[in-house]
1. Can you name every residue in the range 382-413 that is outside any helix (DSSP H, G or I), within 19 Å of Ser215 (Cα to Cα) and free of Cβ contacts under 8 Å to residues at least 60 places away in the same chain?
2. Collect the residues in the range 389-431 that are at pLDDT below 85 and either in contact with a strand residue (DSSP E or B) (Cβ under 9 Å, 6 or more places away or on another chain) or surrounded by 10 or more Cβ atoms within 10 Å (Cβ to Cβ) (or both), keeping them in residue-number order.
3. Scanning for something under 21 Å from Leu217 (Cα atoms), in a helix (DSSP H, G or I), free of Cβ contacts under 8 Å to residues at least 40 places away in the same chain and open to solvent by less than 100 Å² (accessible area, probe 1.4 Å), does the range 352-360 turn up at least one residue?
4. Regarding the range 369-381, can at least one residue be identified that is loosely packed, with under 11 Cβ neighbours inside 10 Å, of a type in the set (Ser, Thr, Tyr) and in contact (Cβ under 8 Å) with a residue 60 or more places away in the chain?
Amino acid sequence: MAARRRLKRVAASQPGFLSFKSSSDPTASVGSRRKRVNKNKKKNWNKYSDVNDVDEFLEDIRHQERTTGGLLSEKTDDSLFFLDLGQPEKPQPQGKLGKASRPLRIDLILQPDSLVPPPKDILAYQQPNAKKLRRIAQKAERLAAKGVVPRKQKRLLNRRPVDKTVKKAVAEANNNPDRDYYDIWGQELSADPWYLQQTGKKLVKRPEKLNEKPSVLPAVEVIAPGGSYNPDFFSHQVTPNTKYMTSQETNLREQVEGLVEEEEENGDEESAPSKEDEEAALAAIAVTQKKTEKQIKKEKAEKLKEQQRLTSRRQTEQQQQLFQLRSIKASIRQQEEKTKGKQMQRRAKQEAQKAQPRRLGKLKFQAPDLDVQLSDELAGSLRQLKPEGSILKDRFKSFQKRNLIEPRERAKFKRKLKVKYVEKRAFKEIT
């Protein structure tokens, strides 16, 4: 079988051999077998698919649309055929008139040679917020049908009519020699607020809080009579006593600091274990003594009776209150007097707090010590008087007391690196 096939292939390859099948190219079909292609793969679709007939059909449709503006099968006979009656006789143009009436060649080239209309621009017909505007228009139509006037139309109707008879002030000409001179450095007292706003000349409104002082204390406080360089005996004795008492209080506070807190902590530690022991004992008793069903029912009945007793008592009290209107009015009057008294106390406290320094930072204000000399330090004349305190520190504390600046303390210098002592070479040679 294989030998016979080989013999046929050899015979067909001879130059003078004629096959029984008629074909245009006998040499191509001789000895060629049909190529089997897998059409399941996408890469073989265009490679082994013949689409020439489809391309020719589409090209024919495009040609008809370009030349006639549509398919010939859809055109009517009147648009395709016409009755030829011969060429009408036209008068021959004379001179330059005939040449000028003919269109230029450049115009003919620029004319469109296709009857296909340009594509429709969808964006040109679109309207932004079309759905929203449509809903607004539909709502306006429904309100108009009901007789409801829209808000904008109401505003237009409520506006005052403009008096057209009043003439506007005519600006004076610049070349008028009799006009008043304009002072460029003068202030515009009566100017339109809109003009000032647009030109940027309108001043910013000052907040009313800036006009209020942060404290009611005066800038310079007058010292007590005992602080004078030549004070009276009795007034001088009062001021040093206050200074001595304040210093004694600060010393006592420093000595007692830390002792009271430690005693309270020890007392809490002692009381804590006793509470824990009581809770543990109660929990153990609850676990051991489990209630029976009879006890549970009895407790529920007692609770119900207690609630009923309380409701009946509440009702009787409400009924008794009808006969106690005079005493109720008196109690209300007393309560109002108490509230008024509390309000007055609160106002007095607020007024007192205005004179006190507020907490503006993390540090509290510490009042400075009184600059008063003791009895043995008093001098007989101004020549022998020793200066007490500092004016700069006094003003700085005054700012803090009047809430102009927050309380501050001097920054502490912290050395990051340790000081290293090195002996010089010259000093080493001596030693």
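The values are calculated or read from the model by the stated rules, or taken from the named source; none is laboratory data. If you're wondering where the values come from, they're calculated on a predicted model, not measured in any experiment. Here the Cβ is made from the backbone with ideal geometry for all residues, glycine too, and neighbour counts use every protein chain on show. Just the protein is used for accessible areas: all its heavy atoms, side chains included, with ligands, DNA and RNA removed. Shrake-Rupley method; radii C 1.70, N 1.55, O 1.52, S 1.80 Å.
1. Ile405, Glu406, Pro407, Arg408
2. Gly389
3. First, the residues of the range 352-360 that are under 21 Å from Leu217 (Cα atoms): 352-360.
After this cut, where a residue has to be in a helix (DSSP H, G or I) as well, the list is 352-354.
From what is left, the residues that are free of Cβ contacts under 8 Å to residues at least 40 places away in the same chain are 352-353.
In the following step, the residues that additionally are open to solvent by less than 100 Å² (accessible area, probe 1.4 Å) were identified as 352.
Checked against the condition, which is being under 21 Å from Leu217 (Cα atoms), in a helix (DSSP H, G or I), free of Cβ contacts under 8 Å to residues at least 40 places away in the same chain and open to solvent by less than 100 Å² (accessible area, probe 1.4 Å), the range 352-360 yields at least one hit.
4. Yes, there is a match, as at least one residue in the range 369-381 is loosely packed, with under 11 Cβ neighbours inside 10 Å, of a type in the set (Ser, Thr, Tyr) and in contact (Cβ under 8 Å) with a residue 60 or more places away in the chain.
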